[in-house]
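All remarks here apply to the structure that follows.
The values are calculated or read from the model by the stated rules, or taken from the named source; none is laboratory data. Since the model is a prediction, treat every value here as computed from it, not as a measurement. Because the Cβ atoms are built from the backbone with ideal geometry, glycine has one as well, and the counts that use them run over all protein chains shown. Keep in mind that these areas ignore ligands, DNA and RNA; they rest on the heavy atoms of the full protein, side chains included. Shrake-Rupley method; radii C 1.70, N 1.55, O 1.52, S 1.80 Å.
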Amino acid sequence: MRKVVAVELVSLDGIMESPEEWASSYSNDEMEEANASGMAASDALVLGRVTYEQMAAYWPNQSGGVPMVDYINSVPKYVVSTTLEEPLEWNNSTLIKGDVAEEIANLKRQPGEDITILGSGALVRSLLEDDLLDELRLMVHPIVLGRGKRLFEEGGAQKALELVDSKTFKTGVLYLTYQPPGS
């Protein structure tokens, strides 16, 4: 069965909003290698509407021949939204409406590699609550932002996770991998 893996860039205070404004100064070869290995193990993306719209406005306009650009533009993308009628015109995009948990469970049963979620905090929280998230990879950046959208908002359900791997990059970014107990 395929795994659903969320990959999130967060600040020390748990902010995930607009990483393009604060995370790039921490990028280095180690992080690029971690991203590349994640891409190699994944053959699908699941995105919430807001993340999808932001990515669709940027990635199709980037020049190919770069592994990240080629991957994101060619990989099948599943967009979770209750408000979109059709996904934007971006290669290999499919809309998921209705019972999200059932649709994601169906994707997990299909043959293939990992299914990656980028950003999409509400979706990550929902899948974690529904026991459909198999792995949470956090790149915790050594910066306190003070405000913005948090990955885990106040009032969410308690959920225990086990740390299964950790790395410290030279930039001070911690790469933490968590799984539900017994995975």
**Prompt:** Which residues, taken from region 41-52, are under 18 Å from Asn92 (Cβ atoms), in a helix (DSSP H, G or I) and not basic (Lys, Arg)?
**Reply:** Thr51, Tyr52
**Prompt:** What is the residue count in region 16-34 for residues that are under 19 Å from Leu151 (Cβ atoms), open to solvent by less than 50 Å² (accessible area, probe 1.4 Å) and either out of contact with any strand residue (DSSP E or B) (no Cβ under 6 Å at 6 or more places or on another chain) or in a helix (DSSP H, G or I) (or both)?
**Reply:** 6
**Fill in**
Scanning region 57-91 for residues that are open to solvent by 70 Å² or more (accessible area, probe 1.4 Å) and polar (S, T, N, Q) gives Asn61, Ser63, Thr82, Thr83, Asn91
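Assess whether Ser42 counts as being free of Cβ contacts under 8 Å to residues at least 24 places away in the same chain, closer than 26 Å to Tyr178 by Cα and not acidic (Asp, Glu). If you could, list the steps in order and put the result at the bottom.
Values: free of Cβ contacts under 8 Å to residues at least 24 places away in the same chain: no; closer than 26 Å to Tyr178 by Cα: yes; not acidic (Asp, Glu): yes.
Considered against the rule, which asks whether it is free of Cβ contacts under 8 Å to residues at least 24 places away in the same chain, closer than 26 Å to Tyr178 by Cα and not acidic (Asp, Glu), Ser42 comes out as no.
Taking the options Leu107, Leu9, name whichever one is in contact (Cβ under 8 Å) with a residue 40 or more places away in the chain and assigned to a helix (DSSP H, G or I). Steps first, answer last, please.
Details: Leu9 fails: assigned to a helix (DSSP H, G or I).
Going through Leu107, Leu9 in turn, the sole match is Leu107.
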**Prompt:** Does any residue in region 167-183 that is closer than 10 Å to Met139 by Cα and touching a residue at least 12 places away in the same chain (Cβ under 8 Å) come within less than 8 Å, Cβ to Cβ, of a residue that is open to solvent by less than 40 Å² (accessible area, probe 1.4 Å) and acidic (Asp, Glu) six or more places away or on a different chain, and which pairs are these?
**Reply:** Thr177/Glu135
**Request:** Report yes if Glu8 is among the acidic types (Asp, Glu) and surrounded by fewer than 19 Cβ atoms within 10 Å (Cβ to Cβ), otherwise no.
**Result:** no
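Here are Leu138, Leu95: which of them is assigned to a strand (DSSP E or B) and at pLDDT below 95? Break it down into steps so the answer makes sense when it comes.
Details: Leu138 fails: at pLDDT below 95.
Within the list Leu138, Leu95, the selection yields Leu95.
Can you tell me which residue in region 98-143 is least open to solvent (accessible area, probe 1.4 Å), limited to those that are small (Gly, Ala, Ser) and over 21 Å from Lys159 (Cα atoms)?
Within region 98-143, the match that is least open to solvent (accessible area, probe 1.4 Å) is Gly112.
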**Prompt:** Mind checking which residues of region 11-59 are more than 26 Å from Gly112 (Cα to Cα) and of a type in the set (Phe, Trp, Tyr)?
**Reply:** Trp22, Tyr26, Tyr58
